[in-house]
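Peer 1: One structure, pasted below without further comment.
Rule-based calculations on the coordinates, nothing more; no lab input. Because the structure is predicted, anything quoted here is derived from the model rather than measured. Counting neighbours? That spans all protein chains shown, and the Cβs are built from the backbone with ideal geometry, glycine included.
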Amino acid sequence: MSGAALIGNPNTGKTSLFNTLTSSYEYVGNWSGVTVEKKIGQLKDKSGPLTDLPGIYSLHPLSRDEGVAAEYLVTDSPSLLINIVDASQLERNLYLTIQLLEYGKPVIIGLNMIDVAKARGLAIDTAYLSERLHTEIVPLIARTGVGSKELLSCMNKTEEKDLSPCFTIHYGAVIEEAILGISREVNSELTFSGLSPRWIALQILEDNPAVMNSLALTEATLSRIRAIKEDALKQLRMKEDTSSLQDYIRSVRTEIIQDICASAVDQSNRKPHTLTEKIDTFAAHPVWGIPIFLAFMLLTFELTFDWLGNPLSDLLDAFISGPLSTLVEQGLTAVGASGFTHALIIDGIIGGVGGVLVFMPQIFIMFLIISFIEDSGYMARITVMMDKLMEMVGLNGKALIPFIIGFGCNVPAVMASRSIEQPKERTLTMLLVPLMSCSARLPVYALFAGIFFANSQALIVLSLYVMGIVLTLVLAKLFSLFLFKDSKSFFMVELPPYRMPQTVTLFRSTWEKGKGFLRKAGTFILGGSVLIWLLTYLGPGGIAAEMDDSFLASIGGLFAALLEPLGFGTWQSGAALVTGFMAKEVVVSTMNIIYHVPDMAGLQEQISLAFTPLQAYSFMAFVLLYTPCLATVGVLRKETASWKWTLFSVGYSLVLAYTVAVIIYQGGKWIGLT
Amino acid sequence: MIPCQSCLTSLQPGNSGSICRFGNIDPILKRRLADLGVAEGSNITVKRCCLWGGPILLECDGQLLGIRQKEAAKIEVSVS
């Protein structure tokens, strides 16, 4: 037994409730497909584990994330199902509810978003609903936590009294006979599965691939089951006009749901989504929708850099290079630290980690805006507006969701691709996500653009993001022409009603994303900084007198000649790029350590001597495009389940980065830029 | 606009009709639509079309959704 599980349609607030019930901070948003894998947490009152599952409309999965939920039911056999139902969309939500009631385990219905339903003028008779479905119903507002206490106490009650559902639908003589026949076959083979044979039989009649695969029946049994199904369909066709058993079963269920809803839901005061309609008049306008989106992006960059991010970053820099460094220096002198320790801490750790941490304000502002897009409902509108463009290059409008998440971090972005139905479009999206300029690349831009393009920082940085997007489109077209055969594609997206993100949720999501950056600062960037500093300190002949004789110089030197045509053929650039594979912020750490400067102003001066503006732009473009970082490579391997695609992703990006940087530098020189 | 006699794309934004037949659309899309309660007999409203042949926005029983025009052209509706 694996405790209770939250299950329900996409975007009904399962994860919001999960966070309340288990005091966790899992990722929430206002679109379908936020949660793509199962999450397990401990209930607040320590009464057992709770599993959060990706949203599904029915048990028959169409995409990778939905498969997770369906397989969970067959293999993990939870002792209690908590079915979260969107009160404002009762009819469509009850379809899954029926399949869950047939599953045979106790079901509690969490009737969520009763506030939304009320605002839309819908009144739901919960007592009647509970009586018809023979199950407990708890009204909830998951976003604010209303009803979560009642739900918890209801969950604890299930242990005392038997809540096994006694809800059954009679599907007609033909189907009932087939259910009996299949149950018999399944029972003879699986004696200890603990699953309801009736439920299994119905899932088999509906051709649910996730259930069939998880059961792993023998070929002999399968062929007898196939015969039962064919026979049932033949008999059914004599009486009814139906194309498949699946359609027929669906129609029986739909009829019952409509009958229940007709009495349970009072729609007499129904109102349209006034606010959503109003916002969509602008945000999803046929002509102005795209310009508004682009203007919003430009605003994002202005806020992240010029208006808010840079001033805050300067303050932080002044603190780290001023009071903090002085304090640490004094402390080190007071305890009589050796010259080695002193240099390691001041030049290595404070230089390397501090040099990246000063860009925290820009990163957090970017995360805040991304969280706002995720939580407001705007995300789904962007996918609609961009679908045509995406279709032309062989992608799907839904790819925009991973791409936008990718501006924060590529790792969750690769995972978010799971909600794309077609395997080809999903793989293609995952391969291209690394071209989205993640927040780890932001310190590199902030540093270089701040030195060379101080007057138009936001524009220069925006140009890099746009470069990533344009190259994504070009490569998507090329890859879908030459690498993939299957061209079947469709697009369907649900547009959730807009809602004002709650301040608490917004800051929490920003913090959860930002924590990843801070954690990286404490692990990869710290470790990398120490390693890099040691490599600059030591050389083939012991302690290096000059940094040019150090190990790092010889490692970086290997690549210097290769990078010459790109405009930055120095061992310093080579070394920074090699170490940047660990995490792209490390590029900045390495520069800080190499140029051995106490603060940003000093580093800026050093870099302005080492690079020209053209070389700097070429370098930024190279950092944008060259190889996904270590963590992204890891998640690509896991999600594509193929080394071939993973290596391809690394390979194509290296070739692309090199080509683009050569074009920028040589082309720039040719037209007379410096 | 993809021309058709009595399909979804022939409806002006703001108008609605009842779905009478799904033509030759992708079975997975048909399932997805059924999941959202869009099936034969459902009443559906065209909200707006996107520029340059982009997706068409629909509403069915309070649920907003978007699908491509070429698929919408295969869904036949009757206006009462």
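Peer 1: Of the DSSP beta bridges with both residues in the range A:4-160, give the percent that are antiparallel, rounding to the nearest 5.
Peer 2: Values: 5 of 23 bridges.
Of all bridge pairs located within the range A:4-160, approximately 20 percent are antiparallel.
Peer 1: Here is the link list: A:K477/A:K520; A:K118/B:K70; A:K118/A:K638; A:K46/A:K105; A:K271/A:K488; A:K278/B:K74. Which ones come out longer than 32 Å on Cα distance? List each step's numbers first, then the result.
Peer 2: Details: A:K477/A:K520 34 Å; A:K118/B:K70 36 Å; A:K118/A:K638 43 Å; A:K46/A:K105 22 Å; A:K271/A:K488 38 Å; A:K278/B:K74 30 Å.
Pairs exceeding the cut-off: A:K477/A:K520; A:K118/B:K70; A:K118/A:K638; A:K271/A:K488.
Peer 1: Using the alpha carbons of the protein assembly as shown, what is the convex hull volume per residue in cubic angstrom, as a whole number? If you can, show how the numbers build up before the last one.
Peer 2: Details: hull volume 142.1 nm³, N = 754.
Residue-normalised Cα hull volume stands at 188 Å³.
Peer 1: Just tell me which lysines come within less than 18 Å, Cα to Cα, of A:K44; anything on the same chain fewer than 8 places away is out.
Peer 2: Straight-line reach from A:K44, under 18 Å: A:K14, A:K149, A:K157.
Peer 1: Quick check: residue separation of A:T341 and A:C166 times 0.36 nm, minus the Cα distance between them. What number comes out in nm? Don't skip to the end; give the middle numbers.
Peer 2: Values: separation 175, 0.36 × 175 = 63.00 nm, distance 7.13 nm.
Gain on stretching A:T341 to A:C166: 55.9 nm.
Peer 1: A follow-up question, please. Note the full-extension length gain between A:V252 and A:L324 as 0.36 nm times their separation in residues minus their Cα-Cα distance, in nm to one decimal.
Peer 2: Values: separation 72, 0.36 × 72 = 25.92 nm, distance 7.05 nm.
Gain on stretching A:V252 to A:L324: 18.9 nm.
Peer 1: Once a ≥ b ≥ c are taken as the square roots of the eigenvalues of the Cα gyration tensor of the range B:8-78, is the result rounded (a/c under 1.5), prolate (a/b larger than b/c) or oblate (a/b not larger than b/c)?
Peer 2: Verdict is rounded for the range B:8-78.
Peer 1: Can I ask one more? Assign one of three labels to the range A:578-624, namely rounded, prolate or oblate, based on the Cα gyration tensor with a ≥ b ≥ c the square roots of its eigenvalues; rounded applies when a/c is under 1.5, prolate when it is not and a/b is larger than b/c, and oblate otherwise. Each step should come with its number before you reach the end.
Peer 2: Numbers: a/c = 2.52, a/b = 1.11, b/c = 2.27.
Taking the square roots of the gyration eigenvalues as a ≥ b ≥ c, the range A:578-624 is oblate.
Peer 1: Could you work out, residue by residue across B:24-32, how many beta carbons of other chains sit within 10 Å of that residue's beta carbon, and then give the average as an integer?
Peer 2: Values: counts 0, 1, 6, 1, 7, 6, 2, 7, 8.
That works out to 4 on average.
Peer 1: Within chain A, which complete DSSP H helices have Cα atoms spanning at least 27 Å along the helix axis and a mean Kyte-Doolittle hydropathy of -0.5 or higher?
Peer 2: Details: long enough: A:219-239 (31 Å, -0.62); A:245-264 (28 Å, 0.10); A:457-482 (37 Å, 2.15); A:643-670 (40 Å, 0.77).
Span-like helices, by this rule, are A:245-264, A:457-482, A:643-670.
Peer 1: Sticking with this one: Across peptide A:493-499, what mean number of C-beta atoms from other chains lies inside 10 Å of a residue's C-beta?
Peer 2: Details: counts 7, 7, 8, 2, 3, 0, 0.
Per residue, the number of nearby Cβ atoms from other chains is 4 on average.
Peer 1: Right, something else. Output the direction-averaged projected area (hull surface divided by four) of the convex hull of the alpha-carbon atoms of the range A:4-160, in nm². Numbers along the way, then the final one.
Peer 2: On the way: hull surface 33.8 nm².
Its average projected convex-hull area is 8.5 nm².
Peer 1: Okay, next question. 7 Å from Cα along Cα→Cβ at both A:Q502 and A:T144: what's the point-to-point distance in nm?
Peer 2: 0.9 nm
Peer 1: Around A:E136, which amide H atoms from residues at least 5 apart in sequence, or from another chain, sit under 5 Å from its own amide H, with H modelled in the peptide plane?
Peer 2: It is A:I109, by chain and number.
Peer 1: Here is a follow-up. Test of understanding: what is the full-extension gain from A:S23 to A:R270, defined as 0.36 nm times their sequence separation minus their Cα-Cα distance? Numbers along the way, then the final one.
Peer 2: Details: separation 247, 0.36 × 247 = 88.92 nm, distance 3.55 nm.
Here the answer is 85.4 nm.
Peer 1: Gap in Å between the Cα centre of the range A:16-49 and the Cα centre of the range A:278-357?
Peer 2: Result: 31 Å between the Cα centres.
Peer 1: Can you list residues whose amide H is under 5 Å from A:G8's amide H, if they're 5+ apart or on another chain and H is modeled 1.01 Å from N?
Peer 2: Excluding prolines and chain starts, which carry no amide H, the hits are A:I56, A:I84.
Peer 1: In chain A, once you exclude exposed GluC sites (Glu not before Pro) (DSSP loop, at most 13 other Cβ within 10 angstrom), what's the longest stretch remaining?
Peer 2: On the way: sites that count: A:E37, A:E240, A:E546.
Longest run free of exposed loop sites: A:241-545.
Peer 1: Just how far, in whole angstrom, is the range A:109-160 from the range A:578-632 if you go by their alpha carbon centroids?
Peer 2: What the calculation gives is 54 Å, centre to centre.
Peer 1: Work the Kirkwood hydrodynamic radius out for the range A:320-418: mean of 1/r over every pair of different alpha-carbon atoms, inverted, in Å.
Peer 2: Averaging 1/r across every pair of different Cα atoms and inverting gives 16.9 Å.
Peer 1: Calculate one ³J(HN,Hα) per residue across the range B:33-44 by plugging θ = phi - 60° into the Karplus curve 6.51 cos²θ - 1.76 cosθ + 1.60, and present them in order as whole Hz with x for glycine and proline.
Peer 2: 5, 4, 4, 8, x, 9, 9, 4, x, 6, 8, 10
Peer 1: What is the distance in Å between the Cα centres of the range A:362-410 and the range B:16-80?
Peer 2: Cα centroid to Cα centroid, the span is 24 Å.
Peer 1: Okay, moving on. If you count the DSSP beta bridges with both ends in the protein assembly as shown, what percent of them are antiparallel, to the nearest 5? List each step's numbers first, then the result.
Peer 2: On the way: 30 of 48 bridges.
Around 60 percent of the beta bridges assigned by DSSP in the protein assembly as shown are antiparallel ones.
Peer 1: With each label point set 7 Å from Cα along the Cα-Cβ vector, what nm distance links A:L609 and B:C20?
Peer 2: Those two pseudo-labels are separated by 8.2 nm.
Peer 1: Separate question: Which of rounded, prolate, oblate describes the range A:144-269, given a ≥ b ≥ c as roots of the alpha-carbon gyration tensor eigenvalues and a/c under 1.5 marking rounded, otherwise prolate only if a/b is larger than b/c?
Peer 2: Values: a/c = 2.65, a/b = 1.37, b/c = 1.94.
Note, shape of the range A:144-269 comes out oblate.
Peer 1: Continuing with the same structure: Per residue of B:64-74, count partner chain C-beta atoms within 10 Å of its C-beta, then hand back the mean as an integer. Present the calculation step by step, with values, prior to reporting the outcome.
Peer 2: Numbers: counts 14, 6, 13, 6, 10, 1, 3, 3, 0, 0, 0.
Per residue, the average neighbour count from other chains is 5.
Peer 1: For a protection proxy built on the mean count of beta-carbon atoms within 10 angstrom, sort B:70-79, A:107-116 highest first, please. Present the calculation step by step, with values, prior to reporting the outcome.
Peer 2: Details: B:70-79: 19.3, A:107-116: 22.9.
Highest mean packing first, the order is A:107-116, B:70-79.
Peer 1: Going by amide H atoms built from the backbone, whose H comes under 5 Å of the H on A:L43, apart from near neighbours?
Peer 2: Hits under the 5 Å cutoff: A:G48, A:L50.
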